[in-house]
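Participant: Handing you a structure now.
Quick note: the coordinates plus some simple rules give every number you see, no bench work behind them. Small disclaimer: the values here were computed from a predicted structure and weren't measured. Positions of Cβ are generated from backbone atoms using ideal geometry, with glycine treated the same way; all protein chains shown enter the neighbour counts.
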Amino acid sequence: MLDHRARMESGRKEKVERILSEFRLKEEDLKKVMYRMQKEMDRGLKLETHEEASVKMLPTYVRSTPEGSEVGDFLSLDLGGTNFRVMLVKVGEGEEGQWKVKTKHQMYSIPEDAMTGTAEMMKHKKLPLGFTFSFPVRHEDIDKGILLNWTKGFKASGAEGNNVVGLLRDAIKRRGDFEMDVVAMVNDTVATMISCYYEDHRCEVGMIVGTGCNACYMEEMQNVELVEGDEGRMCVNTEWGAFGASGELDEFLLEYDRVVDETSLNPGQQLYEKIIGGKYMGEIVRLVLLKLVDENLLFNGEASEKLKTRGTFETRFMSQIESDSDDRKQIYNILTAFELLPSGTDCDIVRMVCESVSTRAAQMCSAGLAGVINRMRESRSQETLKITVGVDGSVYKLHPSFKDRFHATVRQLTPGCDITFIQSEEGSGRGAALISAVACKMACMMGQ
Ligand code: BGC
């Protein structure tokens, strides 16, 4: 009797394995994704093909040769995925002319609270402000650029197509109680790269794997056709999350991906991001679980109302489920909170589903980063490229195995490259303040 039951359970797992095998990617698949990504990157950089390219490769006006920086207090605002933050950063001269950055004050709060919190400190003082704005922006300069489109489920009207810094300045003016001078706007990938650059001058790539997913890197100016000049390098915000909009990922998209896309606020867009970002991964897992219930392979063929509800399975549950020890306690607790009564095998199957989805995400993301790094090595004609990547984001930082799988696959795809990964701490805030310090110096030099 016991034997029979054990056999049934292992047969059930095998059937599940078969369904999950669709998530597995071979090395040749990853190379295909990588080459296609590189092709889109190239098209995004070129004037002739930029408009139609899915990967926009947006110039950031952050250059490789900063002329030093101002010292003093800088305020930074950070509008990203889930939080809005305000931070006061002190930038000062360190030894050997290097900048030292001290975070004097930081807050994580809704805007109203954060604003009143800093009001006293800032009275009668016009503070330079750096703005981290984690959406695709077409820049005209470091402090000017229009929002191309919202991502990650944002949909505020009246912003797309407008100068974001202008909107922020107007909003500050409307309040009337703050004197702030918006001197720079940067993407979160750029802020992350800059903040890590202070620790490690080889840091020329920034990447976010959080609610959304994106990367920036230092490109040769001669390849940045959208901006005049050939000298030095400029940081390019790839906006690689948009990859796939011209069908580049079609052969890899599964039925779950299509549902996630169709029910999103931006169908047909950000398809690469929808495979990797924390905004979407949990929902993919939920859809797979429902499929398994449908096939009578999970929870005795019955789903709870909560599991049937869109958006209930958050990506952070994947981290908790995949970090469970063998006793399945965390998995059990999460599933009972979903009004389910899971057996041991059910718990194992749910874990298998999470692992399949997060492994695919890590691998897909690796193909993108490998594309960027191999491109950098080729354009610099170096036999070995020694490079550092600054990384931030909840998926990268909090998931128990995303990082390791990701690092391993990136290294596998980048022969001849010696890559160091560093995690940024408070990168969005510190990076924006640092780049504002450079922007202030430049403005002074130009007599503004
Ligand atoms: C945005 C990027 C951003 C990324 C990570 C994406 O949805 O388009 O600008 O860098 O999310 O926050």
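Participant: Scan around Asp181 for amide H atoms under 5 Å from its own, H built in the peptide plane at 1.01 Å from N, and keep only partners 5 or more places away or cross-chain.
Facilitator: Here the answer is Leu127, Leu129, since their amide H atoms fall under 5 Å of that of Asp181.
Participant: To the nearest 0.05, what FRET efficiency results for Glu339 and Ala156 with a Förster distance of 35 Å applied to their C-beta separation?
Facilitator: The formula returns an efficiency of 0.55 here.
Participant: Lys441 versus Glu27, label points 7 Å from Cα toward the beta carbon: distance in nm?
Facilitator: 4.5 nm
Participant: Ok, one more. Kindly flag which residue pairs out of Lys56/Lys274; Lys126/Lys441; Lys13/Lys308; Lys13/Lys291 have an alpha-carbon separation exceeding 20 Å in this structure.
Facilitator: Numbers: Lys56/Lys274 17 Å; Lys126/Lys441 16 Å; Lys13/Lys308 22 Å; Lys13/Lys291 14 Å.
From the list (Lys56/Lys274; Lys126/Lys441; Lys13/Lys308; Lys13/Lys291), the Cα-Cα distance tops 20 Å for Lys13/Lys308.
Participant: Then there's this: For the ranges 35-44, 126-135, what's the packing order if you count other beta-carbon atoms within 10 Å of each residue, average per peptide, and put the highest first?
Facilitator: By packing density, highest mean first, the sequence is 126-135, 35-44.
Participant: On a straight-distance basis, which aspartates and glutamates could pair with Lys15 in a cross-link, Cα separation under 14 angstrom, same-chain partners fewer than 8 positions away excluded?
Facilitator: Asp294, Glu295, Asp346, Asp348
Participant: Moving on to the next point. Using alpha carbons only, how many angstrom separate the centre of the range 45-66 from the centre of the range 225-240?
Facilitator: Using only Cα atoms, the two centres lie 5 Å from each other.
Participant: Further question: Output wanted: per-residue J couplings in Hz (rounded whole) for the range 22-27, from phi through Karplus 6.51 cos²θ - 1.76 cosθ + 1.60, θ = phi - 60°, x for Gly and Pro.
Facilitator: 4, 7, 6, 10, 8, 4
Participant: Hey, can you grab everything whose amide H is under 5 Å from the amide H of Asn187? Only 5+ residues off in sequence or another chain; H modelled, so Pro and N-termini drop out.
Facilitator: Amide H to amide H, under 5 Å and 5 or more residues apart or across chains, Asn187 pairs with Phe133.
Participant: Let me ask something additional. What distance in nm separates the simple spin-label points at Ile19 and Glu179, each placed 7 Å from Cα in the Cβ direction?
Facilitator: 6.4 nm
Participant: Now for a separate question. Calculate one ³J(HN,Hα) per residue across the range 48-54 by plugging θ = phi - 60° into the Karplus curve 6.51 cos²θ - 1.76 cosθ + 1.60, and present them in order as whole Hz with x for glycine and proline.
Facilitator: Result, ordered by residue: 5, 10, 3, 4, 8, 5, 7 Hz.
Participant: Most mobile of Ile331, Ile172, Ile419 per a Gaussian network model of the chain (Cα springs, under 10 Å)?
Facilitator: Looking only at Ile331, Ile172, Ile419, the biggest GNM fluctuation is shown by Ile172.
Participant: If you don't mind, another one. Taking the mean number of other Cβ atoms within 10 Å as a proxy for protection, how do you rank 277-286, 207-216 from highest to lowest?
Facilitator: Values: 277-286: 25.1, 207-216: 28.0.
Packing proxy ranking, top to bottom: 207-216, 277-286.
Participant: Val86's amide H: which non-local residues (gap 5+, or another chain) put their own amide H closer than 5 Å, with H modeled 1.01 Å from N in plane and none for Pro or chain starts?
Facilitator: Under 5 Å from the amide H of Val86: Met107, Ser109.
Participant: Among the aspartates and glutamates, which have Cα under 15 Å from the Cα of Lys32 when same-chain residues fewer than 8 positions away are ignored?
Facilitator: Cα-Cα hits under 15 Å: Glu40, Glu248, Asp250, Glu251.
Participant: What are the ³J(HN,Hα) couplings of the range 254-259, residue after residue, when phi is run through the Karplus curve with 6.51, -1.76, 1.60 and θ = phi - 60°? Round to Hz, x for glycine and proline.
Facilitator: Ordered by residue, 3J(HN,Hα) equals 9, 4, 5, 4, 5, 5 Hz.
Participant: If you don't mind, another one. How much length, in nm to one decimal, is gained on full extension between Ser246 and Asp141, taken as 0.36 nm per residue of separation minus their Cα-Cα distance?
Facilitator: Between Ser246 and Asp141, full extension yields 34.9 nm more.
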